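The values are calculated or read from the model by the stated rules, or taken from the named source; none is laboratory data. These figures come from a predicted structure and were not determined experimentally. Here Cβ is always computed from backbone atoms with ideal geometry, including for glycine, and neighbour counts include all displayed protein chains.
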Amino acid sequence: MQISFSVMTEADLAAIDAIHDQASAKLKGMMDQPAFAGMMVYSMETMTDLPVGYIAGLSIMGEADIIDLAVGMPYRRQGIGRQMVMRFCEQHGQHMTHLEVAASNHAARQLYQSLGFEETGRRRGYYPSEKGMTHADDAVRMTRSGLTG
(Lines give C-alpha, C1' and ligand atoms only; values in the text may rest on other atoms or scores of the structure.)
Protein backbone atom coordinates (compact mmCIF):
# COMPACT_ATOMS: atom_id res chain seq x y z
CA MET A 1 0.00 0.00 0.00
CA GLN A 2 1.27 3.47 -0.88
CA ILE A 3 1.32 5.75 2.15
CA SER A 4 2.21 9.33 2.96
CA PHE A 5 3.46 10.88 6.18
CA SER A 6 2.80 14.15 7.97
CA VAL A 7 4.07 15.62 11.22
CA MET A 8 1.82 14.81 14.18
CA THR A 9 0.18 17.78 15.90
CA GLU A 10 -2.40 18.22 18.65
CA ALA A 11 -5.04 18.55 15.92
CA ASP A 12 -4.47 14.82 15.25
CA LEU A 13 -5.37 13.63 18.77
CA ALA A 14 -9.00 12.71 17.97
CA ALA A 15 -7.92 10.73 14.92
CA ILE A 16 -5.31 8.95 17.04
CA ASP A 17 -7.99 7.80 19.48
CA ALA A 18 -10.00 6.45 16.54
CA ILE A 19 -7.00 4.26 15.62
CA HIS A 20 -5.98 3.26 19.16
CA ASP A 21 -8.46 4.01 21.93
CA GLN A 22 -7.15 6.26 24.72
CA ALA A 23 -3.72 6.77 23.10
CA SER A 24 -4.08 10.55 22.81
CA ALA A 25 -3.87 11.13 26.57
CA LYS A 26 -0.35 9.67 26.68
CA LEU A 27 0.76 11.47 23.52
CA LYS A 28 -0.70 14.86 24.47
CA GLY A 29 1.68 15.09 27.41
CA MET A 30 4.66 14.15 25.24
CA MET A 31 3.95 16.67 22.50
CA ASP A 32 5.16 19.59 24.63
CA GLN A 33 8.64 18.09 24.93
CA PRO A 34 11.29 19.47 22.54
CA ALA A 35 12.42 15.91 21.78
CA PHE A 36 8.95 14.80 20.63
CA ALA A 37 8.81 13.18 17.19
CA GLY A 38 5.51 11.97 15.78
CA MET A 39 4.12 11.11 12.36
CA MET A 40 0.64 10.49 11.05
CA VAL A 41 0.29 8.01 8.18
CA TYR A 42 -2.26 8.28 5.39
CA SER A 43 -3.20 5.87 2.64
CA MET A 44 -2.73 7.28 -0.84
CA GLU A 45 -5.17 4.66 -2.15
CA THR A 46 -8.25 5.64 -0.13
CA MET A 47 -10.27 8.76 -0.79
CA THR A 48 -10.30 9.97 2.81
CA ASP A 49 -8.39 12.43 4.95
CA LEU A 50 -8.43 10.04 7.90
CA PRO A 51 -5.08 8.58 8.94
CA VAL A 52 -4.48 4.84 8.84
CA GLY A 53 -1.77 4.86 11.50
CA TYR A 54 0.70 6.83 13.58
CA ILE A 55 4.09 6.51 15.25
CA ALA A 56 5.41 8.66 18.08
CA GLY A 57 8.47 8.86 20.26
CA LEU A 58 11.35 10.98 21.42
CA SER A 59 14.53 11.85 19.57
CA ILE A 60 17.68 13.60 20.71
CA MET A 61 20.78 13.96 18.54
CA GLY A 62 20.06 10.92 16.37
CA GLU A 63 19.04 8.55 19.16
CA ALA A 64 15.34 7.76 19.35
CA ASP A 65 12.79 5.92 21.46
CA ILE A 66 9.59 4.69 19.83
CA ILE A 67 6.93 5.15 22.51
CA ASP A 68 3.75 4.27 20.64
CA LEU A 69 2.63 3.15 17.22
CA ALA A 70 -0.58 1.76 15.84
CA VAL A 71 -2.15 0.85 12.52
CA GLY A 72 -5.94 0.91 12.15
CA MET A 73 -7.51 -2.55 12.11
CA PRO A 74 -8.58 -2.53 8.42
CA TYR A 75 -5.05 -1.57 7.32
CA ARG A 76 -3.01 -4.13 9.23
CA ARG A 77 -0.80 -6.77 7.59
CA GLN A 78 -0.14 -4.54 4.57
CA GLY A 79 3.39 -3.39 5.44
CA ILE A 80 2.34 -0.05 6.94
CA GLY A 81 3.90 -0.74 10.35
CA ARG A 82 7.16 -1.74 8.67
CA GLN A 83 7.22 1.47 6.63
CA MET A 84 6.42 3.59 9.69
CA VAL A 85 9.21 2.10 11.79
CA MET A 86 11.78 2.41 9.00
CA ARG A 87 10.84 6.03 8.29
CA PHE A 88 11.00 6.88 12.00
CA CYS A 89 14.43 5.24 12.33
CA GLU A 90 15.75 7.03 9.23
CA GLN A 91 14.51 10.44 10.37
CA HIS A 92 15.03 10.26 14.12
CA GLY A 93 17.23 7.28 15.03
CA GLN A 94 20.22 7.71 12.76
CA HIS A 95 22.53 6.38 15.50
CA MET A 96 20.19 4.15 17.49
CA THR A 97 16.49 3.47 18.07
CA HIS A 98 14.98 1.83 21.16
CA LEU A 99 11.50 0.46 21.86
CA GLU A 100 9.67 -1.81 24.24
CA VAL A 101 7.12 -4.43 23.27
CA ALA A 102 5.07 -6.96 25.23
CA ALA A 103 6.80 -10.34 25.33
CA SER A 104 3.55 -12.00 24.25
CA ASN A 105 3.27 -9.79 21.12
CA HIS A 106 5.09 -12.25 18.88
CA ALA A 107 4.03 -10.62 15.60
CA ALA A 108 5.44 -7.24 16.63
CA ARG A 109 8.65 -8.77 17.96
CA GLN A 110 9.13 -10.65 14.70
CA LEU A 111 8.57 -7.45 12.71
CA TYR A 112 11.11 -5.53 14.80
CA GLN A 113 13.67 -8.33 14.51
CA SER A 114 13.25 -8.33 10.73
CA LEU A 115 14.05 -4.60 10.79
CA GLY A 116 17.32 -5.13 12.65
CA PHE A 117 16.17 -4.69 16.26
CA GLU A 118 17.76 -6.97 18.83
CA GLU A 119 16.57 -7.80 22.34
CA THR A 120 18.67 -5.87 24.84
CA GLY A 121 16.76 -6.42 28.06
CA ARG A 122 13.48 -7.12 29.82
CA ARG A 123 11.28 -5.50 32.40
CA ARG A 124 9.66 -8.34 34.32
CA GLY A 125 5.92 -8.00 34.88
CA TYR A 126 5.82 -4.54 33.28
CA TYR A 127 2.43 -4.83 31.56
CA PRO A 128 -0.52 -5.50 33.89
CA SER A 129 -2.50 -8.71 33.59
CA GLU A 130 -5.29 -8.57 31.07
CA LYS A 131 -8.52 -10.49 31.13
CA GLY A 132 -7.73 -14.17 30.76
CA MET A 133 -4.04 -13.77 31.67
CA THR A 134 -2.84 -15.26 34.93
CA HIS A 135 0.22 -13.02 35.24
CA ALA A 136 1.62 -9.70 34.12
CA ASP A 137 3.53 -9.65 30.82
CA ASP A 138 7.19 -8.71 30.47
CA ALA A 139 8.31 -5.74 28.38
CA VAL A 140 11.06 -6.69 25.95
CA ARG A 141 13.54 -3.86 25.33
CA MET A 142 14.79 -3.86 21.73
CA THR A 143 17.45 -1.72 20.10
CA ARG A 144 18.47 -1.10 16.50
CA SER A 145 21.78 0.44 15.55
CA GLY A 146 21.15 3.24 13.12
CA LEU A 147 22.48 4.17 9.74
CA THR A 148 25.55 5.87 11.21
CA GLY A 149 25.87 3.84 14.44
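Before moving on, here are some points about what is shown:
- Within segment 24-43, considering residues that are out of contact with any strand residue (DSSP E or B) (no Cβ under 8 Å at 6 or more places or on another chain) and in a helix (DSSP H, G or I), the one surrounded by the most Cβ atoms within 10 Å (Cβ to Cβ): Ser24
- Of all the criteria given as (1) modelled with pLDDT under 95; (2) part of a strand (DSSP E or B), the one not satisfied by Glu90 is (2).
- Test: Met8 is touching a Ser or Thr at 6+ places or on another chain (Cβ under 9 Å) and either among the polar types (S, T, N, Q) or within 23 Å of Glu90 (Cβ to Cβ) (or both): no
- Put simply, of Ile67, Ile60 the only residue that is β-branched (Val, Ile, Thr), under 18 Å from Ala37 (Cβ atoms) and touching a residue at least 40 places away in the same chain (Cβ under 8 Å) is Ile67.
- Of all residues in segment 38-59, those satisfying the criterion of being under 22 Å from His92 (Cβ atoms) and not hydroxyl-bearing (Ser, Thr, Tyr) are Gly38, Met39, Met40, Val41, Pro51, Val52, Gly53, Ile55, Ala56, Gly57, Leu58.
- For segment 109-149, taking the residues that are under 19 Å from Gly93 (Cα atoms) and at pLDDT below 85, the one that is surrounded by the fewest Cβ atoms within 10 Å (Cβ to Cβ) is identified as Thr148.
- Within segment 1-23, the set of residues being surrounded by 10 or more Cβ atoms within 10 Å (Cβ to Cβ), within 17 Å of the chain's Cα centre (by Cα) and in a loop (DSSP other than H, G, I, E, B) comprises Met8, Thr9, His20.
- Checklist (1) in a helix (DSSP H, G or I); (2) hydroxyl-bearing (Ser, Thr, Tyr); (3) under 20 Å from Ala15 (Cα atoms) applied to Tyr54, failing item: (1)
- Hits in segment 51-77 (condition: surrounded by 15 or more Cβ atoms within 10 Å (Cβ to Cβ), over 11 Å from the mean Cα position of the chain (by Cα) and not hydrophobic (A, V, I, L, M, F, W, C)): Pro51, Ser59, Gly62, Glu63, Gly72, Tyr75
- Taken over segment 1-42, the criterion of being in contact with an Asp or Glu (Cβ under 8 Å, 6 or more places away or on another chain) and touching a residue at least 60 places away in the same chain (Cβ under 8 Å) is satisfied by Met1 alone.
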